[in-house]
Amino acid sequence: MSINFHHSDERDPLARGLGIGNRWRDQILGTAKDYTWLFEAAGLDPRTVRAIAEDSYEHLRAWAPELAAEITGIARGTGLRLWEVAALNSRTEILVRGAIAGLKECTSAVWLPPGEPPRALQTWDWIPSISNFTVLRHLSPEDLTVATFAENGVLGKAGVNSSGLGLLFTLLCHTSDGTAEGVPIHAVARRVLDTARSVADAVDIVRSARVSASASFTVVAWDGQAADGATLEISPAGVVVLPPEEGFLLHTNHFLDPGLAPGDRLAAIGDDTLPRLAELRERRQVLTGASRTEWARGLVCHWADGAPICAHPRSGAPVTDRWETKMMISFDLDRRCLVLQEGGPCGATEDGWTEVAV
């Protein structure tokens with residue numbers, strides 16, 4: 001596994017995308033190959049993949065033309081067809097139309113201590129074959145410096161911006177997914193990071209997007225004196241804002257809102273998201289520890305323990321269900337840094353963290 005770090009001062013989104021495509025051509029081609037395999041493993045034919053990708057791109061072009069232009073630039077830089085890069089950015093929208101056994105990923109935890117910066121840690125879980133990632137640091141149209149983590153060629157996922165706003169991202173699946181066309185959920189996360197200066201801004205941005213897949217965004221902000229935060233459960237059926245519970249924002253891969261929960265798809269078929277959340281609630285006090293490594297080590301819990309917060313591929317599981325914790329994602333909003341460490345909590349070390357300042 002490897003992380004590519006790309007810094008861009010280019011303000012023109014087409015040129016920025018071209019620079020990304022030129023610099024990371026081989027890595028993006030590799031990611032495209034990996035996702036072509038995954039789409040096929042999920043039972044999706046190429047014509048369906050292309051149609052969803054093209055529809056998602058057109059919705060993105062209408063909602064955030066600057067992000068669509070960046071995708072166009074990436075395609076030109078890599079030599080991929082536009083719809084192929086659009087498919088990378090619509091991978092969630094595509095996969096929810098197929099077999100969803102492997103669509104279980106990520107555990108996020110935030111504590112909002114009074115008068116102190118938020119403490120945040122997310123595990124990012126995905127299948128072993130996807131193994132190269134990019135941290136993109138760039139200047140947004142709103143003059144915010146942004147650092148975001150995602151697969152090569154994807155606009156964004158979790159990240160932080162220079163206004164003191166951070167976003168964690170976990171996947172959700174709902175019965176309304178795929179019932180309409182919409183903006184790619186990863187592009188919605190990127191636009192929040194590019195333009196939001198507060199949690200309220202993030203809510204407005206998310207609600208302005210018509211989506212065709214689901215996710216939860218845990219959005220937190222720190223102005224140097226006070227913290228704010230909420231978890232946004234997003235689906236084609238609606239957007240719900242969940243406030244902190246006793247100062248904590250905890251989420252895995254099922255809907256917590258009672259209005260959206262009856263349409264949840266993953267809790268019904270999975271054996272992990274419910275116990276992970278229960279274990280996370282039991283262990284939430286680890287976030288009050290002195291260091292990020294201490295938080296991570298406090299979340300070491302495997303399949304054998306009944307809740308794979310720290311996930312490793314299970315022998316004999318279907319190929320689309322052999323998932324693992326690939327990355328731990330955090331941020332320091334006081335110092336305006338995205339903080340990453342490869343691997344899961346059981347391998348966390350004090351010197352393993354990488355900071356990307358904005």
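The values are calculated or read from the model by the stated rules, or taken from the named source; none is laboratory data. Keep in mind the model is a prediction, meaning the values are calculated, not measured. No Cβ is skipped: glycine too gets one built from the backbone with ideal geometry, and neighbour counts run over all protein chains shown. Protein only, heavy atoms only, side chains kept; ligands, DNA and RNA dropped before computing areas. Shrake-Rupley method; radii C 1.70, N 1.55, O 1.52, S 1.80 Å.
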For this session: Return yes when residue 290 is of a type in the set (A, V, I, L, M, F, W, C), farther than 30 Å from residue 237 by Cα, surrounded by fewer than 22 Cβ atoms within 10 Å (Cβ to Cβ) and more than 18 Å from the chain's Cα centre (by Cα) and no when it is not.
Result: yes
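For every residue, the table says whether it meets (1) in a helix (DSSP H, G or I); (2) touching a Leu at 6+ places or on another chain (Cβ under 6 Å); (3) among the aliphatic types (A, V, I, L, M); (4) surrounded by fewer than 17 Cβ atoms within 10 Å (Cβ to Cβ).
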{"position": "279", "(1), (2), (3), (4)": "yes, no, no, no"}
{"position": "300", "(1), (2), (3), (4)": "no, no, yes, yes"}
{"position": "325", "(1), (2), (3), (4)": "no, no, no, no"}
{"position": "330", "(1), (2), (3), (4)": "no, yes, no, no"}
{"position": "338", "(1), (2), (3), (4)": "no, no, yes, no"}
{"position": "341", "(1), (2), (3), (4)": "no, no, no, no"}
{"position": "346", "(1), (2), (3), (4)": "yes, no, no, yes"}
{"position": "356", "(1), (2), (3), (4)": "no, yes, yes, no"}
For this session: With the checklist (1) surrounded by fewer than 16 Cβ atoms within 10 Å (Cβ to Cβ); (2) on the phi < 0 side of the Ramachandran plot in hand, flag the one item residue 306 doesn't pass.
Result: (2)
For this session: State whether the residues of segment 123-142 include one that is within 19 Å of residue 106 (Cα to Cα), open to solvent by 10 Å² or more (accessible area, probe 1.4 Å), touching a residue at least 24 places away in the same chain (Cβ under 8 Å) and part of a strand (DSSP E or B).
Result: yes
Problem set entry | Single residue of 31, 48, 72 found to be closer than 19 Å to residue 184 by Cα, part of a helix (DSSP H, G or I) and either touching a strand residue (DSSP E or B) at 6+ places or on another chain (Cβ under 7 Å) or without any contact (Cβ under 8 Å) to a residue 12 or more places away in the chain (or both) | 31
Exercise. How many residues does segment 243-253 contain that are open to solvent by 40 Å² or more (accessible area, probe 1.4 Å) and either of a type in the set (A, V, I, L, M, F, W, C) or outside any strand (DSSP E or B) (or both)?
Worked result: 3
Exercise. Applying the selection to segment 13-44, what residues are among the acidic types (Asp, Glu) and crowded, with 16+ Cβ neighbours inside 10 Å?
Worked result: 34
Exercise. Do you know which of the residues in segment 230-239 that are of a type outside the set (D, E, K, R) and open to solvent by less than 10 Å² (accessible area, probe 1.4 Å) is nearest to residue 262 (Cα to Cα)?
Worked result: 235
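Condition check ((1) among the β-branched types (Val, Ile, Thr); (2) at pLDDT 95 or above; (3) open to solvent by 10 Å² or more (accessible area, probe 1.4 Å)) across all residues:
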residue	(1), (2), (3)
189	no, yes, no
198	no, yes, yes
218	yes, yes, no
221	no, yes, yes
228	no, yes, yes
241	yes, yes, yes
259	no, yes, yes
Problem set entry | Residue that is on the phi > 0 side of the Ramachandran plot and under 17 Å from the mean Cα position of the chain (by Cα), where the choices are 316, 343 | 343
Seminar exercise, completed: Being under 23 Å from residue 277 (Cα atoms) and assigned to a helix (DSSP H, G or I) narrows 200, 189 down to just 189
For this session: Look at residue 64 and say whether it is in contact with a Lys or Arg (Cβ under 6 Å, 6 or more places away or on another chain) and either in contact (Cβ under 8 Å) with a residue 40 or more places away in the chain or surrounded by fewer than 16 Cβ atoms within 10 Å (Cβ to Cβ) (or both).
Result: yes
